[in-house]
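Worksheet: the structure to be examined is printed underneath.
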Amino acid sequence: AVISSGRSQFTVRVLPAEEYPKLPEPAPDAVTLDAADFAEALRQVVPAASHDIDRPVLTGVLVAAEGSGLRLVATDSYRLAVRDLPGTSVLREGQKVLVPSRALGELGRLLAGAAEVTLHLAEKEATFDVGTVDDLPAIRLTTRLIEGEFPNYRQLIPASYPNRLVVAKAPLLDALRRVKLLALEATPVRLALRPDGLELTAIAQEVGQAREEVDAKYEGGELVVAFNPEFLIAGLEAVEGDEVALETLDALKPATIRANEGSTYLYLLMPVRVS
């Protein structure tokens, strides 16, 4: 093949088209989703997947039948993200598959500006059709599924919590970002949960200390719990709504973060042990 432009010319070797691998045909069972809703679900869940290739199961996103809809779940063993998509099931009850998070991250970019995405789940592949042109998919992304058993994440989520904090999301994020400026790498941010509000503290021996108070409503015993600030900020940013609820059993058990009311998204975060 020869490519010419002005005074430039390029000669490129080509290969027979028939040697290009044939993509598998999508599974006949499919569900069509609103592209913006699915892109939002991917934005909330995919970042929680692991990048450790030695633990391939954790590099995937679990897509499972949940009631009459789908549930997306990802974890890197330090945090867990769960998002429900009611009324959108393409799976049989109890059925689940593991889709590579890298493929879903790319799909999230492809969904920008699209109206709909159609999901086909087969035994070994997942196919996503984005948009249409002349009744054909404008973009088709096909990825192999990951083999293996996803961890039993349900056992990590208690049915109820004795300690519950409700706080406006924007002021909390602003305070965390300011306090984090003094936190060196691997320095946790301490959250003191009290009836009169929330206090954030970051202590870096070589730099100093940052402390900030945020108005909040709290029910439970006084408690100090510490988190990785990057993971905490990521979870808060993913929550929809203006108010978030942080619930925990104690300073050493995972805490959950979700919208204060009507949430289809849950973020579970392991605390950091501090003296």
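The values are calculated or read from the model by the stated rules, or taken from the named source; none is laboratory data. Since the model is a prediction, treat every value here as computed from it, not as a measurement. Heads up, the Cβs are rebuilt from the backbone with ideal geometry, glycines too, and the neighbour counts pull from every protein chain shown.
Exactly one residue among 164, 154 is at pLDDT 95 or above and closer than 20 Å to residue 269 by Cβ, and that residue is 164. Considering only residues that are among the hydrophobic types (A, V, I, L, M, F, W, C), modelled with pLDDT under 90 and either over 18 Å from residue 235 (Cβ atoms) or touching a Lys or Arg at 6+ places or on another chain (Cβ under 8 Å) (or both), which ones fall in region 167-185? Selection gives 181, 182, 184.
In the set (1) exposed (fewer than 14 other Cβ atoms within 10 Å of the Cβ); (2) at positive phi; (3) outside the structural domain of residue 253 (by TED's automatic domain parsing), the condition left unmet by residue 147 is number (2).
Against the criterion of being of a type in the set (Gly, Ala, Ser) and touching a helix residue (DSSP H, G or I) at 6+ places or on another chain (Cβ under 9 Å), residue 192 does not qualify. Filtered by the rule that a residue be free of Cβ contacts under 8 Å to residues at least 24 places away in the same chain and among the aliphatic types (A, V, I, L, M), region 187-209 gives 203, 204.
Residues in region 224-275 that are under 17 Å from residue 177 (Cα atoms) and small (Gly, Ala, Ser) were compared, and the one that is surrounded by the fewest Cβ atoms within 10 Å (Cβ to Cβ) is 234. What do you reckon, is residue 59 farther than 25 Å from residue 255 by Cα and of a type in the set (S, T, N, Q)? Here the answer is no, as residue 59 does not meet what is asked. Looking only at region 203-258, residues that are at pLDDT below 95 and β-branched (Val, Ile, Thr) come to 2 in all. Note on region 1-44: among residues that are of a type in the set (Lys, Arg) and exposed (fewer than 15 other Cβ atoms within 10 Å of the Cβ), the one that is nearest to residue 117 (Cα to Cα) is 22. Residue-level check: of (1) in contact with a Lys or Arg (Cβ under 8 Å, 6 or more places away or on another chain); (2) closer than 17 Å to residue 255 by Cα, residue 212 misses just (2). Only one of 259, 234, 238, 216 is free of Cβ contacts under 8 Å to residues at least 24 places away in the same chain and within 21 Å of residue 174 (Cα to Cα); which? The conditions single out 259. Just one of (1) at pLDDT below 95; (2) closer than 28 Å to residue 135 by Cα fails for residue 94. It is (2).
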